[in-house]
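Asks: Here it is, the structure in full.
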Amino acid sequence: MKIAGVFSGAGPAWVLITLVALGGCLGDTPSEPDRSPPIEDVEFNPQLGVNISEMTLRPSGLYVRDEIVGTGAFADEGDEVFYDIDLWLTDGWLVDSTEPRGGARLVIGEGNALPSVTEGLIGMREGGRRLLVVPPRLAYGADGIQGIIGPFEWVVIRLYLHVVEGKEPPEDRILGVPRGGGASSPPGFTASGG
C-alpha cells in the first residue's frame, strides 16, 4: 500500500489539522453541480475491504459497516473521544493516519472535522472499528486538495474508537478488558470502567 509522500517530514499535527480544517470547510458549492461518480462506477482497491453490498447507506449518502462492534461506552454528539482514523483514496493510496502520531481527540459535533467523521463516530462503542465510504460532499467536495485528493473524489475512512471520556461502560463489558479491540488511554484521558 502506498503512503502519500507529500507529507514526509511534516509536523505531526500539520497533516491532521490541514485535512480536518480543509474538509470541514469544503464541499459542493451551490454554483458547482455535483459531478461525483455514482457509487456503482467507483472501483475500490481490494485491500481496503470495501463491499458496498455489505454496507448500510445512511440518508446523508455515507456508507457504513461496523467491522468490530465495541463493547464500551457509546459515543454521541458532544462527547469528547480519543480515536484513530485512516483515510484512503479508493485506489488504496493512504492519505493520512493518526496512529503514528498517537491518535486524535475530538469533541463530536464541535470543530472542523469532516462531516463523515462526525457522523461515523456517533453511535460507535469504545473498542469499535468502523469502515466508511464517503461521498465527496461529505469529504473534500468539488475542490479536493490540490495534488492529493481530486475534485469529486470518494474516500474511504476507517475509524477506531478507543475512549469516550467520562462515560460509564455498559453492563455487558468485562471490566478492565474492552472486548473487540481498544487501546490504552492517552495522557489526560481515563478509560471508562477500567
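Asks: So how many residues does segment 68-88 have that are within 13 Å of the chain's Cα centre (by Cα) and either in a loop (DSSP other than H, G, I, E, B) or not hydroxyl-bearing (S, T, Y) (or both)?
Replies: Narrowing segment 68-88 to residues within 13 Å of the chain's Cα centre (by Cα): 81-88.
If we keep only those that are either in a loop (DSSP other than H, G, I, E, B) or not hydroxyl-bearing (S, T, Y) (or both) too, we end up with 81-82, 84-88.
Final tally of qualifying residues: 7.
Asks: Go through the residues of segment 79-90 one by one and say whether even a single one is among the acidic types (D, E), without any contact (Cβ under 8 Å) to a residue 60 or more places away in the chain, out of contact with any helix residue (DSSP H, G or I) (no Cβ under 6 Å at 6 or more places or on another chain) and surrounded by fewer than 18 Cβ atoms within 10 Å (Cβ to Cβ). Quick ask: steps written out before the conclusion?
Replies: So in segment 79-90, the residues among the acidic types (D, E) come out as 79-80, 84, 86.
Restricting the remaining residues to those that are without any contact (Cβ under 8 Å) to a residue 60 or more places away in the chain gives none.
Checked segment 79-90: no residue is among the acidic types (D, E), without any contact (Cβ under 8 Å) to a residue 60 or more places away in the chain, out of contact with any helix residue (DSSP H, G or I) (no Cβ under 6 Å at 6 or more places or on another chain) and surrounded by fewer than 18 Cβ atoms within 10 Å (Cβ to Cβ).
Asks: OK, next. Restricting to segment 119-138, name every residue that is of a type in the set (A, V, I, L, M), out of contact with any Pro (no Cβ under 8 Å at 6 or more places or on another chain) and not in a strand (DSSP E or B). Full working, then the answer.
Replies: As a first pass, look at segment 119-138 and keep what is of a type in the set (A, V, I, L, M): 121-122, 124, 131-134, 138.
Then drop every residue that is not out of contact with any Pro (no Cβ under 8 Å at 6 or more places or on another chain), which leaves 121-122, 124, 131-134.
Hits for segment 119-138 are L121, I122, M124.
Asks: Within segment 50-64, restricting attention to residues that are of a type in the set (A, V, I, L, M) and in a loop (DSSP other than H, G, I, E, B), which residue is nearest to the chain's Cα centre (by Cα)?
Replies: Taking segment 50-64 and keeping what is of a type in the set (A, V, I, L, M), we get 50, 52, 55, 57, 62, 64.
If we keep only those that are in a loop (DSSP other than H, G, I, E, B) too, we end up with 50, 55, 62.
Numbers: V50: 14, M55: 15, L62: 11 Å.
Of everything passing the filter in segment 50-64, L62 is nearest to the chain's Cα centre (by Cα).
Asks: Which pairs turn up if I take residues in segment 32-57 that are of a type in the set (S, T, Y) and look for partners that are in a loop (DSSP other than H, G, I, E, B) with beta carbon separation below 8 Å, at least 6 apart in sequence or on another chain?
Replies: Filtered contacts from segment 32-57: S36/P135; S36/F152; S36/W154.
Asks: Consider only pairs whose beta carbons are under 6 Å apart and that are at least six residues apart or on different chains; among these, list those whose first residue lies in segment 112-138 and is touching a residue at least 40 places away in the same chain (Cβ under 8 Å) and of a type in the set (D, E, K, R) and whose second residue is part of a loop (DSSP other than H, G, I, E, B) and surrounded by 24 or more Cβ atoms within 10 Å (Cβ to Cβ).
Replies: Taking only residues 6 or more apart or on different chains, the pairs are R125/G70; R125/G72; E126/G70; E126/G72; E126/A73; E126/P178; R130/M124.
Asks: Would you confirm whether or not segment 65-77 contains a residue that is within 15 Å of V134 (Cα to Cα), surrounded by fewer than 19 Cβ atoms within 10 Å (Cβ to Cβ), in contact (Cβ under 8 Å) with a residue 12 or more places away in the chain and among the acidic types (D, E)? Working first, answer last.
Replies: Step one: of segment 65-77, the residues within 15 Å of V134 (Cα to Cα) are 65-66.
Now narrow it down to the ones that are surrounded by fewer than 19 Cβ atoms within 10 Å (Cβ to Cβ): 65-66.
From what's left, in contact (Cβ under 8 Å) with a residue 12 or more places away in the chain: 65-66.
Checking the rest, the ones that are also among the acidic types (D, E) come to 66.
Looking for residues that are within 15 Å of V134 (Cα to Cα), surrounded by fewer than 19 Cβ atoms within 10 Å (Cβ to Cβ), in contact (Cβ under 8 Å) with a residue 12 or more places away in the chain and among the acidic types (D, E), one finds at least one in segment 65-77, hence yes.
Asks: Can you find, within segment 14-39, the residue that is modelled with the lowest pLDDT among those that are surrounded by 15 or more Cβ atoms within 10 Å (Cβ to Cβ) and not in a helix (DSSP H, G or I)?
Replies: This residue is D28.
Asks: Looking at segment 119-128 only, could you name the residues that are crowded, with 19+ Cβ neighbours inside 10 Å and of a type outside the set (D, E)?
Replies: G120, L121, M124, R125, G127, G128
Asks: Has segment 40-49 got any residue that is modelled with pLDDT of 90 or more, of a type in the set (F, W, Y), over 15 Å from the mean Cα position of the chain (by Cα) and surrounded by 18 or more Cβ atoms within 10 Å (Cβ to Cβ)?
Replies: Within segment 40-49 (the criterion being modelled with pLDDT of 90 or more, of a type in the set (F, W, Y), over 15 Å from the mean Cα position of the chain (by Cα) and surrounded by 18 or more Cβ atoms within 10 Å (Cβ to Cβ)), the answer is yes, since at least one residue qualifies.
Asks: With respect to G109, determine if the residue is in contact with an Asp or Glu (Cβ under 9 Å, 6 or more places away or on another chain), surrounded by fewer than 17 Cβ atoms within 10 Å (Cβ to Cβ) and either outside any strand (DSSP E or B) or at pLDDT 95 or above (or both).
Replies: Working: in contact with an Asp or Glu (Cβ under 9 Å, 6 or more places away or on another chain): yes; surrounded by fewer than 17 Cβ atoms within 10 Å (Cβ to Cβ): yes; either outside any strand (DSSP E or B) or at pLDDT 95 or above (or both): yes.
Considered against the rule, which asks whether it is in contact with an Asp or Glu (Cβ under 9 Å, 6 or more places away or on another chain), surrounded by fewer than 17 Cβ atoms within 10 Å (Cβ to Cβ) and either outside any strand (DSSP E or B) or at pLDDT 95 or above (or both), G109 comes out as yes.
Asks: Turning to a different aspect of this structure: Would a scan of segment 130-138 turn up a residue that is more than 21 Å from A73 (Cα to Cα), under 11 Å from the mean Cα position of the chain (by Cα) and either at pLDDT 90 or above or surrounded by fewer than 17 Cβ atoms within 10 Å (Cβ to Cβ) (or both)?
Replies: Taking segment 130-138 as the starting set, the residues that turn out to be more than 21 Å from A73 (Cα to Cα) are 133-138.
Subsequent filtering for residues that are under 11 Å from the mean Cα position of the chain (by Cα) retains 133-134.
Next cut, either at pLDDT 90 or above or surrounded by fewer than 17 Cβ atoms within 10 Å (Cβ to Cβ) (or both) only: 133-134.
Looking for residues that are more than 21 Å from A73 (Cα to Cα), under 11 Å from the mean Cα position of the chain (by Cα) and either at pLDDT 90 or above or surrounded by fewer than 17 Cβ atoms within 10 Å (Cβ to Cβ) (or both), one finds at least one in segment 130-138, hence yes.
The values are calculated or read from the model by the stated rules, or taken from the named source; none is laboratory data. What you are looking at is a predicted structure, and each value in this text was computed from that prediction instead of being measured. Positions of Cβ are generated from backbone atoms using ideal geometry, with glycine treated the same way; all protein chains shown enter the neighbour counts.
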